[in-house]
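What follows is a single structure, written as structure tokens, with notes after it.
Just so it is clear, none of the values below were taken in a lab; they were calculated from the coordinates. Computed from a prediction, not measured in an experiment: that's the story for all the values here. With ideal geometry, Cβ positions are generated from the backbone for all residues, glycine too; neighbour counts draw on all protein chains shown.
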Amino acid sequence: MAITNVTDQNFSNETGSGVVLADFWAPWCGPCKMIAPVLEELDSEVGDKVKIVKLDVDENQETSAKYGVMSIPTLLVFKDGEVVDKVVGFQPKEALAELLNKHA
């Protein structure tokens, strides 16, 4: 599956079922740029079990505020629409894979 860019308008639809990793990011954020290729790799490995979505916090402040996102990158793991895990800052692929496998 490919990583999907989401907005305030479609966020709840995109995270409403199954296991979804939501990446809250911004184009000017250095660590966000560093984590992007890690998420791409992760998607190719767990894309059949986990959907990965990206939300630009500058353009979608409503959703960011709803989930209390203060620092980016913030990664939220959703299971059937509920937040089940949260990680802030750059994470190596192994740590993210472990996090997702816990919920997938």
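Key figures for this structure:
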quantity	calculated
37 °C / 0.692 mPa s Stokes-Einstein diffusion coefficient of region 4-103, Kirkwood radius on C-alpha pairs, µm²/s	248
Neighbourhood net charge (13 Å Cβ-Cβ; Lys/Arg +1, Asp/Glu -1) for Ile52	-3
Spin-label pair Glu98/Glu62, simplified geometry with 7 Å Cα→Cβ offset, distance in nm	3.7
Dipole in debye (nearest 20) - the chain, about Cα centre, beta carbon charges: Lys, Arg +1; Asp, Glu -1	200
Charge sum, other residues only, whose C-beta stays under 14 Å from Ala26's C-beta, Lys/Arg counted +1 and Asp/Glu -1	-2
Region 4-103: Lys pairs at Cα distance under 13 angstrom, eight or more positions apart or on different chains	6
Region 64-104 shape via C-alpha gyration tensor axes, a/c threshold 1.5	oblate
Linear extension gain, Ser17 paired with Val88, 0.36 nm per residue minus alpha-carbon span	23.3 nm
Magnitude of the charge dipole, region 45-92, Cβ model with Lys/Arg +1 and Asp/Glu -1, debye to 20	140
Beta bridges per DSSP with both ends in the chain, % antiparallel, nearest 5	55
Local electrostatic count at Val69 - Lys and Arg +1, Asp and Glu -1, tallied over other residues with Cβ under 12 Å	-2
